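Inspection log for the structure reproduced underneath, given as structure tokens.
The values are calculated or read from the model by the stated rules, or taken from the named source; none is laboratory data. This one's a predicted model, so the numbers in the text were calculated from it and none came from an experiment. Please note: Cβ atoms are built from the backbone with ideal geometry, for glycine as well, and neighbour counts cover all protein chains shown. Protein only, heavy atoms only, side chains kept; ligands, DNA and RNA dropped before computing areas. Shrake-Rupley method; radii C 1.70, N 1.55, O 1.52, S 1.80 Å.
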Amino acid sequence: MMTQGKPIEELKGIGDKTGKLFRRLGIETVEDLLHYYPRAYDPMEAPVSIGELKENEPGAVRTVLAKPADLLRFNGLQLVSVPVKDLTGSLQLTWYNMPYMRSHLKTGMPYVFRGRVVRRRGRLTMEQPEVFSEEDYGRLVSSMQPIYGQTRGLGNKAIAKAVSQALALRRLEREYLPEDIRRRYELAEYNFAIEHIHYPKDRQDLLFARKRLVFDEFFFFLAAVGRLKEKREDLKSDFPMKEVPEPEILLSSLPYQLTKAQMRTWKEVSSDMCSGRAMNRLVQGDVGSGKTVVAVLALLLAAGNGFQGALMVPTEVLARQHYESIVKLLSDCGLPQKAILLTGSMTAKEKREACRMAENHEADIIVGTHALIQEKVSYDRLALVITDEQHRFGVGQREALGKKSGGAAPHVLVMSATPIPRTLAIILYGDLDISQIDELPANRLPIKNCVVGKDYRENAYRFIAGQAAQGRQAYVICPMVEESEMIDAENVLDYTKTLRKALPDSVTVEYLHGRMKGKEKNRIMERFAAGEIQVLVSTTVIEVGVNVPNATVMMIENAERFGLAQLHQLRGRVGRGKYQSYCIMINGSEDKGAMERLDILNRSNDGFYIASEDLKLRGPGDIFGIRQSGDLEFKLADIFTDADLLKTVSMEVNRLFREDPELTQPEHEELKKRLDSYFQKSYDKLNL
């Protein structure tokens, strides 16, 4: 038996080199691997005749090779190729850069070949097929084989093999959910769920395993939220404030008027901060609705009262943009308050100076990334903590930044551009009061949308080239970083090459994805913000990226693979300047339901309407390809697909802590250990 905390290299066949590849996927321990859930599944269906194979879909055929395979060489490639046929048609089998397949395949032997079927030069072709004996394939028929997120050099087969080994060697864990909860909601036993989320017998088995793990994700998250709420409810403020002139000076100097929704939200925030209680508020608003102005007004209210305020955002480029705009606002208004920047990529000398200024209260407003909560950073009367895009920060991070006030209770303001229906927001942000900025500034031009098929691409490229010729910029979003052997979807690396060929030489095309190093990501985003890059091909990493008013086109490939709320957020990256902006969504699916979903975005630019429609459309079995990736701290759970379960878990958490607040009853012993471990991990991630 192997303990789950062991490094990934403890598994057989994984050395330093492969271990580094696993770490690129965020997998360091055996436990990380067990919780690296498949992103999709491949249902292993019985072999069919060649005439029944469907183009652009995986399929399996049983056949006997009538002749040896050929080995061809061209353009640096080695191609093994062999034709097969039956009474219904013929098929070409091809393998690239796998010369050993030629000697591996024997004529006269029955095989099952399985792979994706495409048409090449008019011939039906199965590329890179897997080869099975009839007996081996027979054992797999009707099962669902896992498809994992991959990285170059580490394919699906290697990851699946490591997972199988980890499942076989793991030490079984004691059940921690109380028996009555498991029985009431028909939840799988934990060890069963972990095994069957990777290797389900069928779809029903998969849904049974998934339901248990989603229940757990919601349970631990809501327990953590409840703990925060308990600590902060009606908490007397250690930083009492009164109205000061600074916010009014800023408001009167702005070249525009705040919307009614912005003014309403600002009044709620200032009322909280001057109430004598510690503010704990969420400001929800679409991308571009003007949340940042409300945050700056709150920072000025704190600074005007002689306190400090901190604004923490998810990316360094965004932190720098916020910092520069705050410095400009302070200067334009003639206000004496000082802002400083603190990020991880600053030099040691710059960090020391920023920390000194924060500690000595030579700065009133501190803007930064996670660097704001590192151990060495001290503040002088930190009265206000603002986190932007809260779903990128854990509950533990929010609490940790609060601790920087020396044990005193600071005012907390959380800003989120994720449009979540109010009923769900009340559950997910249970420790926060909620304000909604539900109207956009009057000077914003509505984004023009279109949902089109793959055959529209050439037109889209011409349109992007035309926008670039006018000095504008474009984003192109792909669902994957690099090509997958199992998933038919556009990927960033290959798409960048395609665009460089399709667009004029005068158009600079670069790529961005989450596996790049922080400094490289920052460099690309800074170049894009400066207008040096005209087209940026990216994964959803740009969802919380940077404000580029000059970007006018958002093109999203395989739009059917994203949740509507996430698509809306991506669309919100454009339409931020004075130019007309456009969102082109490429639907790569023939499914009628996918088109219906995407048409909601075509009809509306209102994030809250879109979120509520998404909620209506999604069913409990709708779990593939459209997760709202990145939402909160969930790996499997999706707040839209699993909305009913979220409400159930919320009720159950409230009931449990009402009946046994400290979890001292014997049947809750294991659960208490798990919860304590969950809270500890939240802090360990912060290096505190």
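From Q150, Q78, Q145, which residue is closer than 30 Å to I14 by Cβ, open to solvent by 20 Å² or more (accessible area, probe 1.4 Å) and free of Cβ contacts under 8 Å to residues at least 40 places away in the same chain?
Numbers: Q150 fails: free of Cβ contacts under 8 Å to residues at least 40 places away in the same chain; Q145 fails: free of Cβ contacts under 8 Å to residues at least 40 places away in the same chain.
Just one listed residue meets the conditions, Q78.
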Quiz prompt | Meets criteria (open to solvent by 20 Å² or more (accessible area, probe 1.4 Å), at pLDDT 90 or above, touching a strand residue (DSSP E or B) at 6+ places or on another chain (Cβ under 6 Å) and not aliphatic (A, V, I, L, M)) for S49 | solution = yes
Practice problem: Report, by residue number, each residue of segment 582-604 that is open to solvent by 40 Å² or more (accessible area, probe 1.4 Å) and not acidic (D, E). | Solution: Y582, K592, M595, N602, R603
Quiz item: Taking the stated definitions as given, is L499 of a type in the set (A, V, I, L, M, F, W, C) and over 22 Å from G577 (Cβ atoms)?
Solution: yes
Quiz item: Can you tell me which residues in segment 273-291 are open to solvent by less than 20 Å² (accessible area, probe 1.4 Å) and either more than 27 Å from A611 (Cβ to Cβ) or more than 31 Å from the chain's Cα centre (by Cα) (or both)?
Solution: M273, A278
Quiz item: What about L570, is it open to solvent by less than 50 Å² (accessible area, probe 1.4 Å), assigned to a helix (DSSP H, G or I) and among the aliphatic types (A, V, I, L, M)?
Solution: yes
Quiz item: Name the residues in segment 420-475 that are of a type in the set (S, T, N, Q), assigned to a helix (DSSP H, G or I) and under 25 Å from A502 (Cα atoms), would you?
Solution: N459, Q467
Quiz item: Can V244 be described as among the β-branched types (V, I, T), closer than 17 Å to T387 by Cβ and in a loop (DSSP other than H, G, I, E, B)?
Solution: no
Practice problem: Any residue in segment 586-606 that's on the phi > 0 side of the Ramachandran plot and in contact (Cβ under 8 Å) with a residue 12 or more places away in the chain: show its pairings with residues that are open to solvent by less than 20 Å² (accessible area, probe 1.4 Å) and in a helix (DSSP H, G or I) at Cβ separation under 6 Å, as long as the two are six or more apart or on different chains. | Solution: none
Practice problem: Test V131 against the criterion of being farther than 30 Å from T3 by Cβ, in contact with an Asp or Glu (Cβ under 9 Å, 6 or more places away or on another chain) and part of a strand (DSSP E or B), and give yes or no. | Solution: no
Exercise. Evaluate segment 90-103: report whether one residue or more is open to solvent by 80 Å² or more (accessible area, probe 1.4 Å) and in contact (Cβ under 8 Å) with a residue 12 or more places away in the chain.
Key: yes
Quiz item: What number goes with the only condition from (1) in contact with a helix residue (DSSP H, G or I) (Cβ under 9 Å, 6 or more places away or on another chain); (2) open to solvent by less than 20 Å² (accessible area, probe 1.4 Å) that T125 does not pass?
Solution: (1)
Quiz item: Here are N558, N547: which of them is on the phi > 0 side of the Ramachandran plot and not hydroxyl-bearing (S, T, Y)?
Solution: N558
Quiz prompt | Single residue of L251, L258 found to be out of contact with any strand residue (DSSP E or B) (no Cβ under 9 Å at 6 or more places or on another chain), over 18 Å from L413 (Cα atoms) and in a helix (DSSP H, G or I) | solution = L251
Quiz item: Restricting the first residue to segment 439-458 and requiring it to be under 30 Å from V283 (Cβ atoms), which pairs with a second residue that is open to solvent by 30 Å² or more (accessible area, probe 1.4 Å) and at pLDDT below 90 meet a Cβ separation below 7 Å and a spacing of at least six or different chains?
Solution: P441/Y256; N443/Y256; P446/N605; I447/N605; N449/N602
Self-check item: Residue ID - modelled with the lowest pLDDT, chosen from residues in segment 492-516 that are among the small types (G, A, S) and part of a loop (DSSP other than H, G, I, E, B)
Solution: G514
Quiz prompt | Whichever residue in segment 247-272 is open to solvent by 60 Å² or more (accessible area, probe 1.4 Å) and hydroxyl-bearing (S, T, Y) and, among such residues, is modelled with the lowest pLDDT | solution = Y256
Practice problem: Filter segment 19-42 down to the residues that are of a type outside the set (D, E, K, R) and in a helix (DSSP H, G or I), then identify the one that is surrounded by the fewest Cβ atoms within 10 Å (Cβ to Cβ). | Solution: G19
Self-check item: In segment 1-46, residue modelled with the highest pLDDT [restricted to those that are over 19 Å from L169 (Cβ atoms) and of a type in the set (G, A, S)]
Solution: A46
Quiz item: Within the set of pairs 6 or more residues apart or between chains, which connect a residue that is farther than 14 Å from V414 by Cβ and of a type in the set (D, E) inside segment 271-289 to a residue that is modelled with pLDDT under 90 and open to solvent by less than 20 Å² (accessible area, probe 1.4 Å) with Cβ atoms less than 6 Å apart?
Solution: D286/G607
Self-check item: Of residues in segment 461-485 being surrounded by 21 or more Cβ atoms within 10 Å (Cβ to Cβ) and touching an Asp or Glu at 6+ places or on another chain (Cβ under 9 Å), the one modelled with the lowest pLDDT
Solution: M480
Exercise. Identify, by number, the condition in (1) within 13 Å of A310 (Cβ to Cβ); (2) in contact with a helix residue (DSSP H, G or I) (Cβ under 8 Å, 6 or more places away or on another chain) that Q374 doesn't meet.
Key: (2)
Exercise. Please enumerate the residues belonging to segment 95-128 that are within 38 Å of the chain's Cα centre (by Cα), within 15 Å of N56 (Cα to Cα) and either among the β-branched types (V, I, T) or part of a loop (DSSP other than H, G, I, E, B) (or both).
Key: V117, V118, T125
Exercise. Of the conditions (1) surrounded by 11 or more Cβ atoms within 10 Å (Cβ to Cβ); (2) farther than 27 Å from S142 by Cα; (3) of a type outside the set (F, W, Y), P58 clears all except one; give me its number.
Key: (2)
Self-check item: Evaluation of A348 against (1) hydrophobic (A, V, I, L, M, F, W, C); (2) in contact (Cβ under 8 Å) with a residue 12 or more places away in the chain; (3) out of contact with any helix residue (DSSP H, G or I) (no Cβ under 6 Å at 6 or more places or on another chain) (one fails), failing number
Solution: (2)
